[in-house]
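The values are calculated or read from the model by the stated rules, or taken from the named source; none is laboratory data. All figures in this text were calculated on a predicted structure; none of them were measured in a lab. Heads up, the Cβs are rebuilt from the backbone with ideal geometry, glycines too, and the neighbour counts pull from every protein chain shown.
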């Protein structure tokens with residue numbers, strides 16, 4: 001394999017890994033943050049915690065947060081505004097379908113998300129992806145990349161910009177119709193699908209995960225043949241009536257359905273140009289280098 005092609009592959013893998021790591025780390029941080037009570041519910045005159053009669057007050061808490069995390073948090077806010085301002089000045093925008101594609105792949109890598117967290121999580125992913133992609137575009141705006149190199153890259157990795165229609169599934173498999181009907185009635189009465197999978201399912205591989213199977217395409221070799229077709233008439237976050245499957249009687253749960261996405265060359269041209277340019281520069285973009293382009297005044 002030519003050295004240039006090998007380097008392009010390595011850069012692509014590293015960038016995808018970095019973006020995913022950044023997003024998932026911030027996802028975890030966001031899940032932690034959501035446990036903090038809204039400020040309007042806090043009585044600042046009352047202690048926020050008591051340990052063996054030793055009290056911690058709101059003012060002490062805020063002082064600790066500002067001391068330990070204030071600079072980092074404020075810098076992150078400034079960085080995002082810097083990128084937004086400079087992207088507007090330079091007329092840089094990210095094609096929404098590129099974000100859709102990246103979010104779709106992230107969804108399949110992140111695994112099962114609670115239904116009530118999907119929208120907020122994906123919105124956070126979108127904002128982070130747009131921020132990182134605009135940063136790359138600004139960082140490489142003065143780098144000249146030949147059109148033929150962009151075209152070659154696109155033709156080489158074109159399959160990576162096609163996302164096939166996928167469904168996210170769980171199932172409960174039981175031995176007989178009578179048990180399947182009983183499980184189905186419990187679902188109708190409001191029982192939790194995961195809990196019933198733990199209790200009833202005979203599929204040893206998926207039972208520890210509450211029957212969760214993951215994301216599959218229609219042509220997947222790892223999905224029983226009639227599962228995908230069964231989802232044709234199902235709504236997202238719904239379960240099927242019992243049906244005969246390969247292992248026994250099945251109740252299928254459709255979590256999410258992700259549509260097919262395929263991007264063409266014109267949509268990807270600037271995106272690919274930035275990828276190649278970063279490889280040629282041999283540097284990882286940071287927002288600090290853009291601060292001098294704007295009038296920034298902060299307390300640190």
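So the values come out like this:
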{"item": "Residue within the stretch 210-223 that is under 30 Å from residue 82 (Cβ atoms) and loosely packed, with under 15 Cβ neighbours inside 10 Å present", "result": "no"}
{"item": "Subset of the stretch 144-153 (residues that are in a helix (DSSP H, G or I) and touching a residue at least 24 places away in the same chain (Cβ under 8 Å))", "result": "149, 150, 151, 153"}
{"item": "Pair list, Cβ under 6 Å, 6 or more apart: the stretch 269-285 residue on the phi > 0 side of the Ramachandran plot, other residue modelled with pLDDT of 90 or more and part of a helix (DSSP H, G or I)", "result": "none"}
{"item": "The stretch 210-225: number of residues that are more than 13 Å from residue 246 (Cβ to Cβ), touching a strand residue (DSSP E or B) at 6+ places or on another chain (Cβ under 8 Å) and without any contact (Cβ under 8 Å) to a residue 12 or more places away in the chain", "result": "0"}
{"item": "Within the stretch 49-77, tally of residues that are in contact with a strand residue (DSSP E or B) (Cβ under 6 Å, 6 or more places away or on another chain) and surrounded by 13 or more Cβ atoms within 10 Å (Cβ to Cβ)", "result": "4"}
{"item": "The listed residue being closer than 21 Å to residue 116 by Cα and either surrounded by fewer than 20 Cβ atoms within 10 Å (Cβ to Cβ) or touching a residue at least 60 places away in the same chain (Cβ under 8 Å) (or both), out of 257, 262", "result": "257"}
{"item": "Long-range neighbours under 6 Å by Cβ, at least six apart or interchain, first residue under 18 Å from residue 187 (Cβ atoms) within the stretch 226-249, second part of a strand (DSSP E or B) and modelled with pLDDT under 95", "result": "none"}
{"item": "Residue in the stretch 183-198 that is out of contact with any helix residue (DSSP H, G or I) (no Cβ under 8 Å at 6 or more places or on another chain), at pLDDT below 95 and in a helix (DSSP H, G or I) present", "result": "no"}
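To keep it simple, each residue is scored yes or no on (1) part of a helix (DSSP H, G or I); (2) in contact with a helix residue (DSSP H, G or I) (Cβ under 7 Å, 6 or more places away or on another chain).
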{"residue": "208", "(1), (2)": "yes, no"}
{"residue": "219", "(1), (2)": "no, no"}
{"residue": "228", "(1), (2)": "yes, no"}
{"residue": "241", "(1), (2)": "no, yes"}
{"residue": "247", "(1), (2)": "no, no"}
{"residue": "250", "(1), (2)": "no, no"}
{"residue": "255", "(1), (2)": "no, no"}
{"residue": "269", "(1), (2)": "yes, yes"}
